Amino acid sequence: VSPTTAEHVRQELGDRIDAVLDGGPCTVGLESTILDLSGAEPRILRPGMLDAKCLGQVLGRTPRLAARSEGPRASGRLASHYAPATPLELVDPASLKSRLSAAPARIAVLTVGNRTADSTSAAAIRPMPDDPEAYARVLYARLRELDLAGFELILVERPPGEPAWAAIHDRLQRAAAGREVYDG
């Protein structure tokens, strides 16, 4: 899980570095969009919070999302990336309640907005913002918090499917790679 605060950097690097400059928490939270301009058409190699529409306004044409097999190797393009050590599963909102009833006792749940998971089995329920920018800003910090707390599983309610959520979906899918997605 990518560091978003100076403390996260200290936790990862420990005494391998002499100092960390602390400019406060990351204002965006997710890593930047990686755009490939080396070919005839612009391609997004890794989505970030600057989406294709926004980039298209600057470029004069909208870039397309590159397939995983396309383009140069770039950070964050592996199928499994940005993952906590604790297994993470993406769950559709309609399936969350039934998934909770089948989950181990020590689980954490990230929900979207003010919704709360309706289950007494969830050890920790953490509502996430329902705004994509705010969600992105706190996602990695929340995953780190839950990862360090010793849960057996982190369930993440799948966020809305609108384009503004594309980078968040990308990071969550990579964090859950190798895990079964529960569809009810």
* Structure fact -> If amide H atoms are modeled at 1.01 Å from N in the peptide plane, then the residues at a separation of 5 or more from Ile34, or on another chain, having amide H under 5 Å from its own are Leu45, Arg46, Gly48
* Structure fact -> Residues whose built amide H sits under 5 Å from the amide H of Val109, excluding neighbours closer than 5 in sequence, are Ala124, Ile125, Arg126, Leu155
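May I ask you to derive the FRET efficiency for Ala177 and Ser101 from their Cβ-Cβ distance with R0 = 25 Å, giving the value to the nearest 0.05?
Rounded to the nearest 0.05, the efficiency is 0.50.
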* Structure fact -> Residue span Glu12 to Asp130: 0.36 nm per residue of separation minus Cα-Cα distance leaves a gain in nm of 39.6 nm
* Structure fact -> Once all protein chains are kept in place, Glu145 shows an accessible area at probe 1.4 Å, nearest 10 Å², of 80 Å²
* What residues have an amide H closer than 5 Å to that of Leu65, excluding those fewer than 5 places away on the same chain, when H is modeled at 1.01 Å from N in the peptide plane? -> Ile44
* **J(HN,Hα) series, the stretch 125-139, from Karplus relation 6.51 cos²θ - 1.76 cosθ + 1.60, nearest Hz, glycine and proline x** => 10, 10, x, 9, x, 9, 9, x, 5, 5, 4, 4, 5, 10, 4
* Structure fact -> With x for Gly and Pro, the residue-by-residue ³J(HN,Hα) of the stretch 83-100, computed from phi through the Karplus equation 6.51 cos²θ - 1.76 cosθ + 1.60 at θ = phi - 60° and given in whole Hz, is 9, x, 5, 6, x, 10, 10, 8, 10, 5, x, 5, 9, 4, 4, 5, 5, 4
* Asked: Which value, in Å² and to the nearest 10, is the accessible area of Arg64 when all protein chains are kept and the probe is 1.4 Å?
  -> 110 Å²
* Would you list Asp170, Asp18 from the most to the least accessible area, probe 1.4 Å? -> Asp18, Asp170
* Structure fact -> Applied in sequence order to the stretch 30-44, the curve 6.51 cos²θ - 1.76 cosθ + 1.60 (Karplus, θ = phi - 60°) yields integer Hz couplings, x standing for Gly and Pro, of 8, 5, 5, 5, 10, 10, 9, 10, 7, x, 5, 10, x, 9, 8
* Asked: Once the whole set of protein chains is in place, how much accessible area is left on Leu35, using a 1.4 Å probe, in Å² to the nearest 10?
  -> 50 Å²
* Asked: Once the Cβ-Cβ distance between Glu152 and Lys53 is put in as r, and R0 is 41 Å, what FRET efficiency do you end up with, to the nearest 0.05?
  -> 0.55
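The values are calculated or read from the model by the stated rules, or taken from the named source; none is laboratory data. Treat the numbers as computed from the prediction; the structure is a model and nothing was measured. Here Cβ is always computed from backbone atoms with ideal geometry, including for glycine, and neighbour counts include all displayed protein chains. With ligands, DNA and RNA removed, areas are computed over all heavy atoms of the protein, side chains included. Shrake-Rupley method; radii C 1.70, N 1.55, O 1.52, S 1.80 Å.
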